[in-house]
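Below is one structure, written out as structure tokens; the observations come after it.
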Amino acid sequence: MAMTLENTMVETKPAVPARRSGRWMRPALGLLLPLFIAVVWELAVRLGFSNGRLVPPPSMIYQTLVELTVSGELARHVGITLWRVGVGFGLGVLFGTLFGAICGYWPLSRRLLDPTVQALRAIPSIAWVPIFILWLGIFETSKVALIAVGVFFPIYLGVMGAIQSVDRKIVEVGRAFRLSGPAMIRRILLPAVLPAYVVSLRSGLGLGWVFVVAAEFMGASQGLGYLLTDGQQLGKPAQILAAIIVFALLGKITDWLIQVAFAPLLRWEDSFSAHANGA
């Protein structure tokens with residue numbers, strides 16, 4: 001019996017380092033495809049299969065990023081873009097959560113407000129640009145407002161849909177325990193809607209990065225969107241692709257930050273992905 005326990009302990013000890021190494025391997029696997037594309041892209045240009053002038057190789061894009069970093073331009077453009085996305089995202093989340101909760105919790109409010117919100121959601125993002133410039137001017141206010149509009153709709157839909165899909169039996173249990181309205185929201189509704197809310201936050205943030213490009217096309221003299229237009233006007237494809245890559249990196253990092261921030265609040269969730277990640 002002692003030998004059996006000893007053998008079991010010896011066999012199970014390596015499981016902890018293996019699990020820790022797996023946590024590092026999963027992000028590393030996500031880098032394989034971009035690295036493979038970069039290598040193939042570089043080889044295609046160097047071997048003459050592609051025009052390096054119109055389709056600059058990754059080495060030239062990297063050189064452009066280094067030059068922008070050394071000159072301080074990249075930090076300045078990234079900083080103003082992050083500020084615009086941050087403020088617009090905050091406003092969109094605030095109003096999207098508020099209106100989504102109101103329409104999801106009270107049927108009368110949903111019947112009054114939701115048709116108008118759905119009609120506004122169908123308007124293309126570029127259609128808001130001239131009216132925002134006319135109303136708010138061409139400076140920061142109109143840009144932040146456009147980003148906030150883009151973030152608002154997925155947050156609103158996510159919150160309203162999550163509240164409507166809460167299991168009626170759970171709500172009845174809360175009523176059986178005579179929970180007040182605020183207690184019902186805090187103990188029943190919030191835990192039930194939190195997973196869907198996190199998804200809507202990530203969707204809203206993604207649209208925030210999409211809308212900031214349209215916002216920075218509105219006569220901006222700073223920001224990553226300005227780098228795109230400047231590269232297009234001056235014929236600098238390496239600068240355009242460098243700005244696109246920075247957009248992709250910032251979008252991925254901010255999305256990851258949302259996941260990390262809400263991970264402790266979702267540990268109770270008994271989902272397939274939780275078991276798969278823990279395996």
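Just so it is clear, none of the values below were taken in a lab; they were calculated from the coordinates. The structure presented is a predicted model; accordingly, all values stated were derived computationally and were not measured. Glycine gets a Cβ as well: all are built from the backbone with ideal geometry, and neighbour counts include every protein chain shown.
Structural remarks
- Added length on full extension, which subtracts the Cα-Cα distance from 0.36 nm per residue, residue 82 to residue 175: 29.1 nm
- Candidates 225, 211, 263 compared by Cα position along the dipole of the chain: farthest toward the positive end lies 263, with charges placed on Cβ.
- Difference of contour (0.36 nm per residue) and Cα-Cα distance, residue 168 to residue 106: 20.9 nm
- Percentage of interatomic Cα-Cα distances in the chain larger than 31 Å: 48 percent
- Those residues of the stretch 82-126 whose amide nitrogen sits under 16 Å from the label point placed on residue 186, 7 Å along Cα→Cβ: none
- Cα-based convex hull volume of the stretch 84-221 per residue, rounded to whole Å³: 103 Å³
- Loop-located chymotrypsin sites (Phe, Trp or Tyr not before Pro) across the stretch 90-161 with a Cβ neighbour count of 13 or fewer within 10 Å are 139, with loop assigned by DSSP.
- Within the chain, helix-based [θ] at 222 nm, where runs of 4 or more DSSP H residues each add -39,500 (n - 2.57), nearest 500: -27000 deg cm²/dmol
- Using a Förster distance of 35 Å, the FRET efficiency for residue 194-residue 136 (Cβ separation, nearest 0.05): 0.55
- Extension gain from residue 248 to residue 118, taking 0.36 nm per residue of separation minus the Cα-Cα distance: 43.9 nm
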